[in-house]
Amino acid sequence: MRNVLKMEFSALAENEAFARAAAAAFVMPFDPTVEELTEIKTAVSEAVSNCVIHGYGVLCGEGNFAGNEVPTIVMECALEKGNRLTIKIEDKGVGIDDIDQAMEPLFTTGDDEERSGMGFTVMQSFMDRLKVRSVKGEGTTVIMTKYLDVPDGI
């Protein structure tokens with residue numbers, strides 16, 4: 001059985017908490033450990049923040065958008081085969097020039113005083129698998145996989 005949540009929301013900094021809560025609520029019926037829940041929420045937070053800050057250049061809800069149109073982020077969570085959680089977070093922003101470089105610890109395209117350059121490193125450390133696809137000028141998709149420690153039969 002495959003259980004799926006798919007949602008689209010405005011790429012505003014204040015929606016990061018919403019995305020974290022939605023991902024956490026999605027996995028709650030599968031009784032994740034506190035550690036698993038914290039790791040999932042943190043990884044989602046980092047991925048959404050990257051979309052907002054780097055993908056769209058939106059900082060704290062401020063941006064230079066045509067009219068009132070705010071770009072969006074799509075998040076899809078899927079639980080398959082009883083314990084494999086896949087979370088896909090996608091933007092249609094500027095894309096990443098060099099994915100390998102962007103995934104290096106401490107590398108950032110943001111303000112060095114405001115950004116640590118650890119977003120992808122955090123995602124990699126908290127999830128079992130991380131894949132990043134990006135096309136310059138078209139956006140970025142982050143796919144994170146985590147195998148939950150769930151009892152048999154769920």
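The values are calculated or read from the model by the stated rules, or taken from the named source; none is laboratory data. Computed from a predicted structure; not experimentally measured. Glycine also receives a Cβ, built like all others from the backbone with ideal geometry; neighbour counts cover every protein chain displayed. Areas reflect the complete protein model, heavy atoms only, side chains present, ligands, DNA and RNA absent. Shrake-Rupley method; radii C 1.70, N 1.55, O 1.52, S 1.80 Å.
With K and R counted +1 and D and E -1, the other residues having a Cβ less than 12 Å from that of LEU5 yield a net charge of +1. Annotation: per residue accessible area for region 1-54 equals 50 Å², rounded to a whole number [probe 1.4 Å, protein chains only]. Taking packing as the residue-averaged number of other Cβ atoms within 10 angstrom, the listed peptides 42-49, 81-88 run from highest to lowest as 42-49, 81-88.
If the segment from LYS136 to GLU80 were pulled out straight at 0.36 nm per residue, it would be longer than the present Cα-Cα gap by 17.0 nm. Relative protection proxy for 20-26, 142-148, 33-39, from highest mean packing down: 142-148, 20-26, 33-39 (other beta-carbon atoms within 10 angstrom).
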